Structure formats: C-alpha cells, structure tokens
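First up is the structure itself, then whatever we jot down about it.
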Amino acid sequence: MKFSMTINGEAATTADTFAVLNPATEEIVAHCPQASSAQVEEAVAAAKEAFRSWKNTTRDERNAMILQLADAIEAHADELAQLLTLEQGKPLNNALTHEVGPSAQWCRAITAFDLPVKVLEDTDTHRSELHHRPMGVVVGITPWNYPLNTAVWKILPAVATGNTVIVKPSPYTPLTTLKLGELIRDIFPPGVINIITGDNAIGQQLTEHPDIAKITLTGSVATGKKVMASGAMSNLKSVTLELGGNDPAIVMPDVDVQAVLPRLFWYSFLNTGQVCISIKRLYVHADIYDAVCDGMAAMAKQIVVGDGMQEGVMLGPVQNKMQFDKLVAYINSVEPEGGRFLCGGDVPEGKGYFLPVSIAVDLPDDATLVKEEPFGPILPILKFTDTDDVIRRANDSPLGLGASVWSADVDEALRIAAQIEAGSVWVNHHLAKKPVAPFGGIKQSGIGVENSEWGLAEFTNLQVIGVQK
Ligand code: NAD
C-alpha cells in the first residue's frame, strides 16, 4: 500500500519514511512519509495562501463541500474501515459503525450549526453587531485511538468557519487520515485542508510556527501542556485542548443490576478501553457491589479478544507497544498496592499487543490504577456507602472529562450529577459524544469544547462592528 501526504491539493511523498505496524500482528502495514521541515513550511504557506480566498466563501459553499466529503467517506467506508482495523486494531464492524459511519454523520450534522450575526444594540444613535470571523491557519493534532474521527472533528469546524487547516495524525495511526486526504483533494480547493505525517517534532514545528493562528489538539495532558507552551511563544495562539480523562461512574443501590451490567461493561471496555471518556473508576454501592463485580467478571470471561480482522472478535489489541508496556505496569501495580483481580491480570505471550479484560477490586483510593488514567482494558471497581463521600472521591482527581451517575431515581441522579466536576455528566449512560452537545474537559482534561455552535465558535474571533448613526 502506498500513502502520500496532501499539501496544497497535491500528493506529497518523501524519501524518508516510517513504518506503521499492525498491533495485532506487529507486522508492517505500510511505510508513511516523514515530512521534512521544508514540507511543513510548504503546508503552512499553502494554507496561508488558501485562506485569502477561502475566508470569503459563503457558509453555503463550504457546507456543500462538507456534504460531498460525507458522501466520499461513505463511498469509501469499507476501505477506510479495513485500514482502521489494520492500523488501530479495533474490530472491523466496530471500525465501520463506531468510527467511519460517525465521521460521515458528523459532516452532515455540522452543516446545521450556525453562528449568526448578533445585534447587540440598535438605538437612534448607535448600532453594534457581533460577528464571528475566521482566524487563519489552524493546526489539528490527533491521537491514535480514534484517528479518523478526531481528524474529521478537527477539519470540520475549522473549514466550516472559513479557516484553512493542517492535520498531523499520530505516527502510530496515520493511514486513514492520509486516505482522507486523498478524498479531500477531489473536493476542496488546494491548500484548504493539508495532511502531513511524521514524528512528534513535526507537531512541535507546527505549534511553534508564527503563521499558525490556532491549535486544536486531542492527546495526553503532558502533550497538551507542551503544545500550549510552544503555541504561546511566537504569537500567542488560540488553543482547544481535548486531553485525558479518568471518568468516574457512580452506581446507586436502586439500579436494576442485570439491566445496567452490559452497559457498564461496554462503556468501560469499548475500543479495548482506549477511549478518553470510558468509565475508568467504577464506584458501586455496597448493597449491590458483589452482584456488579460478579456480573462484570462473568461478562469479561465471555469476551473474545483477538485480531480485529477476524470475525467474532469483540476487542482488539492495545494500539502500540508503548501503551502496552504502560498497561503491563498498571497490571503489575495492583497486587503490591493491596488489590486483587476478579478476572484478567495476566499478560499473554506471543505476537500482538493483546491484554485480557482485567478487573481489579480492593484497591485503596490512592492506588496508582485509581489515581491515573490507564487507557486500556483494566478497570478498578470501588465500593461506597455514603453518597456525599463518593461524590468527594469521584471529584478527587486533577482530571474532569466525563462522568456518569446510575440510578432508578433520576432526580437523585441529577442532584449528584450537578456536584460532579466534569465537562459532561451522563445519567444512566456514559460515553455519549453527540454533534449537538459541546464536548470538553475541565481541570487538566482540557481547555475549550468541540461540537455544536460552541465548538464552532472556538474557531472564530469575535469582532464587534459599531456604527455611529
Ligand atoms: P499523545 O499526547 O502522546 O499524542 C497526541 C498527538 O500529539 C500525536 O499526534 C503526537 O504525535 C502529537 N505530539 C506529541 N508531542 C507533541 C509536541 N511536543 N508537539 C506537538 N505535537 C505533539 O496522546 P496519544 O497517546 O496519542 O493519545 C492518548 C491520550 O489522548 C490519552 O490521554 C487520552 O485520554 C487522550 N484523548 C483525549 C480525548 C479527548 O477528546 N479529550 C480523545 C482521545 C484521546
């Protein structure tokens, strides 16, 4: 398979390449271009030049192209899903329904969100209007867990609001984003959307560049801090940062245990637990604690973990070796820190970054696995008796991305939800990203939001036009 970057509407290749591995087999899937520093400059120059005319296009013109992109994604859905499974590891049906399908759906949804001019005052002597203006060249930097979705979430709000954009995917999962670039070449004018690949240094070159107006990053807290610092240096860039999460779920004693079990399970382990908003700390009331623990462990034993290309596989491998090693360290921390495994907890030998679904109990609140974001198929279940105390424990984290409260009494669940420190709190479900709902973290989970009118607004500068009559 051959892959090229997209710079100024053209395919761009390099002599220098890097290998992309299939995490299920550790075999090389493809070699991708390692952008040179000069190519980064070319992409910035192309996006800057394209902005001069793109910013003057109408929203209708831009929406028409975004809708064409939705059609193109759907027309290439099978090919994109296959690539996604090969590079990311998730099961093929999941790639199709949870990532490729939603990417097209998001394109369509964004065309409905508008940022109309607001009249602030209109008196006999003055008229003041508030306008949203595009910012310039946006850089979108994406992680390896949902590479296609996150690329689309960066591109859409940038171009819908009249900006041009350069996307740099994670070097672990660049293939679907490069393929997206090929589709884009046939739809958008040259320079409006550029895709470049390479190591983290490419990301840094972009975030430091004085001709970039805004950075939108999805990634770890550590990278968020670096990006914010380098983005501030040359020209004080605007940032939207979607960072890590350590989402608590609080399960009250009045739930129907059998009904909620499969949902609690999948909201914890979907995509092999590699979701920023999976359940990562499961707090269960003492009255139902044993029933929930037994049910979760029983479900775990039914799960088929394997190569996502094979039929019947429910969870794929961990995406890369670095993350695999991190997870093995979390597994190894459980018993020395006072916990025990209800299931999993072993590290299989052989090819592929496979780990079993691992559920740990008896851990104290200050255990490493409770305090930190594992980002893999390993979950601590924690017991509580007092509601106010569990709210305190749920909030005892530097992160605040998502959270959920589970109860038959929705009013009580809403009372608890209002006290949780997180950007999204869901009642009787979890992991619900929607185009209409602004999504973002508080505390160190990030700055700003994506999706909805609020997400669009982050890609614009507010401008007041005042008229003296
Ligand atoms: P990461 O921070 O290691 O990498 C993210 C991206 O940043 C990659 O493209 C990487 O090449 C780039 N990068 C790394 N260093 C850089 C630098 N100095 N300058 C510019 N770019 C740089 O994250 P990851 O391991 O790919 O993803 C996992 C993390 O992402 C987890 O913490 C997860 O919670 C988080 N995440 C958050 C969300 C969200 O919406 N909040 C969604 C998915 C993942």
Simple spin-label estimate for His429 and Arg340 in nanometres, 7 Å along Cα-Cβ: 3.7 nm
Based on other C-beta atoms within 10 Å, arrange Ile359, Ile303, Ile184 from fewest to most. Ile303, Ile184, Ile359
Where a ≥ b ≥ c are root eigenvalues of the Cα gyration tensor, a/c under 1.5 meaning rounded, otherwise prolate if a/b exceeds b/c and oblate otherwise, the chain counts as oblate
If the chain between Leu130 and Gln310 were fully stretched, how many nm would it gain, using 0.36 nm times the residue separation less the Cα-Cα distance? 59.4 nm
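Between beta-carbons, use under 14 Å as the cut-off and find the net charge around Gly338, counting Lys and Arg +1, Asp and Glu -1.
Numbers: positive: Arg340, Lys371, Lys383; negative: Glu335, Glu337, Asp362, Asp365, Asp366.
Surrounding charge for Gly338 is -2.
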Given a cut-off of under 8 Å on Cα pairs at least six residues apart, what relative contact order in percent is computed for the chain? 19 percent
Residues of type lysines that Lys48 reaches as a straight line, Cα spacing below 16 Å, ignoring anything fewer than 8 places off in the same chain: Lys214, Lys237
For Val436 and Met322, extending 7 Å from Cα along the Cα-Cβ vector and measuring point to point gives, in nm, a value of 3.8 nm
With just the Cα atoms defining each centre, how far is the range 421-441 from the range 141-203? Give it in Å. 24 Å
Beta bridges by DSSP in the chain, antiparallel share as percent, to the nearest 5: 45 percent
Take the Cβ-Cβ distance between Asn235 and Lys301 as r, set R0 to 60 Å, and report the resulting FRET efficiency rounded to the nearest 0.05. 0.65
In the range 248-434 the DSSP beta bridges are antiparallel at a rate, in percent to nearest 5, of 15 percent
Quick one: net charge of Asp287's neighbours, Cβ under 12 Å, K/R +1, D/E -1? -1
Using alpha-carbon positions, what is the distance between the centroids of the range 230-266 and the range 296-337, in Å? 20 Å
What FRET efficiency do you get for Arg59 and Asp256 if R0 is 51 Å and r is their Cβ-Cβ distance, rounded to the nearest 0.05? 0.65
PRE reach from Lys351 (point 7 Å along Cα→Cβ): which of the range 277-318 fall under 13 Å by backbone N? 307
Label model pair Ala418, Ala291: point-to-point distance (7 angstrom along the Cα→beta-carbon line) in nm is 2.9 nm
Based on DSSP H runs of at least 4 residues, each adding -39500 (n - 2.57), what is the mean residue ellipticity at 222 nm of the chain after dividing by all its residues, to the nearest 500 deg cm²/dmol? -11500 deg cm²/dmol
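First measure r as the distance between the Cβ atoms of Arg52 and Arg108, then evaluate 1/(1 + (r/R0)^6) with R0 = 41 Å and state the FRET efficiency to the nearest 0.05.
Here the calculated transfer efficiency is 0.90.
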Relative contact order (%) - the range 1-153, alpha-carbon pairs under 8 angstrom, separation at least six: 18 percent
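Every number here is computed from the coordinates shown, using simple stated rules; none is lab data. If you're wondering where the values come from, they're calculated on a predicted model, not measured in any experiment. Glycine also receives a Cβ, built like all others from the backbone with ideal geometry; neighbour counts cover every protein chain displayed.
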